[in-house]
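Structure first, then comments.
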Amino acid sequence: MREMGEKRRHGHLNHAGFAGGHGLHDHEEKNKEQKLDMSGMSMDTLPHLTMSFGQVTILDLSNNNLESIPESIIARLLNVVVLDVRSNQLKSLPNSIGCLSKLKVLNVSGNLIESLPNTIEECRALEELHANFNELTKLPDTLGFELHSLRKLSVNSNKLAHLPFSTSHMTALRALDARLNCLRSLPDGLENLINLETLNVSQNFQFLRELPYAVGLLVSLRELDVSYNSIAALPDSMGCLTKLVRFSAVGNPLVSPPMDVVEQSLDAMRAYLTARMNAADGGGKKKKAWLPKLVKYSTFTARMTPGRTRVHENTEGLLMSDYRSLNGIASPRFLTMLSPRRLFSPRRNSPKHC
C-alpha cells in the first residue's frame, strides 16, 4: 500500500519494461534506461511534477482517465524514446509533441482523438505510430514528407476516408494497418513503398470498391488482407506479387478472379491474374498506365535517388532533369513512343516553372 501511494504521488521511476507488446518491448530491451511509470492510476489530470525529466527515456501514462496532457510536460521530455498514452480520454495531443526529437514509438490508441497535430511531423526519429481506436477522420496531409524513418503505421478502427497523399513517401514503412475505417481508396504512388511487407485494409466494407494497380508493384509485400470490402476485381498486377505468402479476400463480391480460384491457392490466383495481364487486349494499356510511375520513382533501379522525385506544382509536365533515362526498356520503336522528352516535357502552353 505504501508503494502504491508513492506511485500515485510521484509516478514510478525504474528500469522495468512495459508489459505486453504494442511495439514497445523491443525498444525498452535495447535501451534499459529510466522509465517513468504512471499507468493505471485513474488520474483525470496529471499532478504538478517538479522532478527533472532529462533522464526519462520511457514515459507510460496509459490506462488512466486523462483528458489532456500539458504542453509544458511534453516539452520537457527531451530524451524520451517511447511515449505511451493509450487508453485514456484524450481528445487531442499537445502541439509540443514536435519537440520530441528522439521519440521512436508513440502509442495513442484507445482515446477520442479526432486529428493529430501537424507538429508530429517534427518527430523525425519516429519508427512506430499506433493510433488505433480513436475518432480520426484524417491524418496530416504532409505526414509522409518528414517521417522517413517510420516503419509501422497502425490507424485501424477510426473514421478515415482517405490516407494522406504523402503516404507514398514513407519509404521505410514495413507495416500499414488501416482496417476498420471508411476508406474510399488508397493513395497514389504506393509502388514507392519498396519495403512494405504487410498491408491490411480489410473491413472498410461498402466504402472500398477497388485496389489501385500499384498494389501489384509492392515488391516486398508478404501479407495482404482486403477482406470484407466491396471489391469485385483484383488488379492484374497482383500476379507479380511473387513474395506474397498470405492473402485474404473473403467477404468481397469477387468476380475476377473468381473466389474459387482465390481459395484454391496463391499460385492459382497469380497464374490467373498473370494470364489476364498478358492478354493481348489489356497488356499495352496497363503498361502505359504504370510505366511512367515506375520511372518517376526509379523502380527500374530498385532504389530512390535523392532529389529526383519532387514534382513541381502547377505544371502540366515534368522537368527532364527529374527523371532517369529509359535505356534498355523494350524495343527501339517502343523507346521512341516512350521518349522521356515526349512523355515528361512541359506542354508548350503550360506555365513556366518557378
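The table that follows gives values for the structure above.
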quantity: Isotropic mean projected area of the C-alpha convex hull, region 38-85 (nm²); calculated: 3.1
quantity: Calculated log₁₀ intensity ratio I(q)/I(0) where the Debye formula runs over C-alpha points of region 136-280, q = 0.08, 0.15, 0.16 Å⁻¹; calculated: -0.20, -0.71, -0.81
quantity: Number of Lys pairs (Cα under 16 Å; 8 or more positions apart or on different chains) in region 32-114; calculated: 4
quantity: Centre separation in Å (Cα based) which lies between region 53-102 and region 174-218; calculated: 30
quantity: Kirkwood hydrodynamic radius of region 32-114, Cα pairs, Å; calculated: 12.7
quantity: Rounded FRET efficiency, nearest 0.05, which uses the C-beta distance separating Ser101 from Phe145 and R0 of 25 Å; calculated: 0.90
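Values quoted throughout were computed directly from the atomic coordinates according to the rules given, and no laboratory measurement underlies them. Since the model is a prediction, treat every value here as computed from it, not as a measurement. Counting neighbours? That spans all protein chains shown, and the Cβs are built from the backbone with ideal geometry, glycine included.
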